[in-house]
Amino acid sequence: MRTLPFIKMHGLGNDYIYVDCFSPQTAQMITKTDLTDLARRVSDRHRGIGSDGLVLILPSKVADAQMRIFNADGSEAKMCGNAARCIGKYLYESGRCGMKMTLETLSGIKQISIQTEDEKVTLVTVNMGKTIGNPHKVFFVERPNELNSFFEHLCTDSQYADLRANTNIECAYVLDRQTIRMRVHERGSGETMACGTGACATAVEAMDKGLTDHEVHVLMPGGEISVYRDERGDIFMTGEATEVCRGDYILEE
């Protein structure tokens, strides 16, 4: 029986199955595995472990580590802010990196910094750069009672089918100049509890429209992410990261 060691972590309910490929044995196993199929199987919430997708933590020649991320449907994504925060927590707590580290992604190298209290990770900040990395379409509603109804419309109406298949969709309401409420439908995964890149895309669009200041709190069903854009245009995302469990997934009987 072949088993694959995994860690389940989530960022505000946006949960993934993480595989540490720094281990030569695990890395060799991964190279012989259909990752699209594996992502679908582990993500299944009834017949698998249950998650929004699969994340590989790999060695990198240009950064402290590399991230590859696969959505629940097996498609590969360029970037995930919540996953990047969870990797930062894992690398720090495993002693592989200090409180500042770099992470190679398909959308470039991201800088990560750790905040701790009593030697436990409390918050993780990711410098997302000037671009988010994933395609997003943000819709703002004018009244708070329209947020849920319009979001459901975006998720079900056939006129948005192509958009849902190719783009992450955010529906947002600006509460005040420092606060946004948001729901998100991620391509390849459906609605998720939170989306780091989506929170950043929504915050930046609100800033560009003059609706908010340059630091905002984005409230999602899973919790809150803080987004700040500095004078150079770099976007910093800060939020929690939580480990749920560790185990061994049975690849073959």
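Would you check if there is a residue in region 224-232 being touching a residue at least 24 places away in the same chain (Cβ under 8 Å), more than 17 Å from THR125 (Cβ to Cβ) and assigned by TED's automatic domain parsing to the domain that holds ASN168?
Among the residues of region 224-232, not one is touching a residue at least 24 places away in the same chain (Cβ under 8 Å), more than 17 Å from THR125 (Cβ to Cβ) and assigned by TED's automatic domain parsing to the domain that holds ASN168, which makes the answer no.
I'm trying to understand the selection: among the residues of region 175-201, which are surrounded by fewer than 21 Cβ atoms within 10 Å (Cβ to Cβ) and either charged (D, E, K, R) or free of Cβ contacts under 8 Å to residues at least 60 places away in the same chain (or both)?
Matches in region 175-201: LEU175, ASP176, ARG177, GLN178, THR179, ARG181, ARG187, GLU191.
If ARG40 satisfies every condition in (1) farther than 12 Å from GLY188 by Cα; (2) assigned to a helix (DSSP H, G or I) but one, which is the exception?
(1)
Checking MET1 against (1) in contact with a helix residue (DSSP H, G or I) (Cβ under 6 Å, 6 or more places away or on another chain); (2) modelled with pLDDT under 95: exactly one of these is not met. Which one?
Result: MET1 fails condition (1) only.
Going by the structure shown, is ASN134 at pLDDT below 95 and under 21 Å from SER51 (Cβ atoms)?
The answer is yes for ASN134.
Out of the residues in region 5-24 meeting the condition of being touching a strand residue (DSSP E or B) at 6+ places or on another chain (Cβ under 9 Å) and surrounded by fewer than 18 Cβ atoms within 10 Å (Cβ to Cβ), tell me which one is farthest from GLN66 (Cα to Cα).
Among those residues, the one meeting the criterion is GLY13.
Only one residue in ALA63, ALA84, ALA27 is crowded, with 24+ Cβ neighbours inside 10 Å and either part of a helix (DSSP H, G or I) or modelled with pLDDT of 95 or more (or both), so which one is that?
Being crowded, with 24+ Cβ neighbours inside 10 Å and either part of a helix (DSSP H, G or I) or modelled with pLDDT of 95 or more (or both) holds for just one of ALA63, ALA84, ALA27, which is ALA84.
Do we have any residue at all in region 150-163 that's buried (at least 20 other Cβ atoms within 10 Å of the Cβ) and charged (D, E, K, R)?
No, because not a single residue in region 150-163 is buried (at least 20 other Cβ atoms within 10 Å of the Cβ) and charged (D, E, K, R).
Out of all the residues in region 174-192, which are within 19 Å of HIS214 (Cβ to Cβ) and either modelled with pLDDT under 95 or hydroxyl-bearing (Ser, Thr, Tyr) (or both)?
THR179
(1) assigned by TED's automatic domain parsing to the domain that holds VAL216; (2) closer than 18 Å to ARG85 by Cβ: which one isn't true of LEU147, the others all being true?
Here LEU147 clears every test but (2).
The values are calculated or read from the model by the stated rules, or taken from the named source; none is laboratory data. The shown structure was predicted, so the numbers you read here are calculated from the model rather than taken from an experiment. Positions of Cβ are generated from backbone atoms using ideal geometry, with glycine treated the same way; all protein chains shown enter the neighbour counts.
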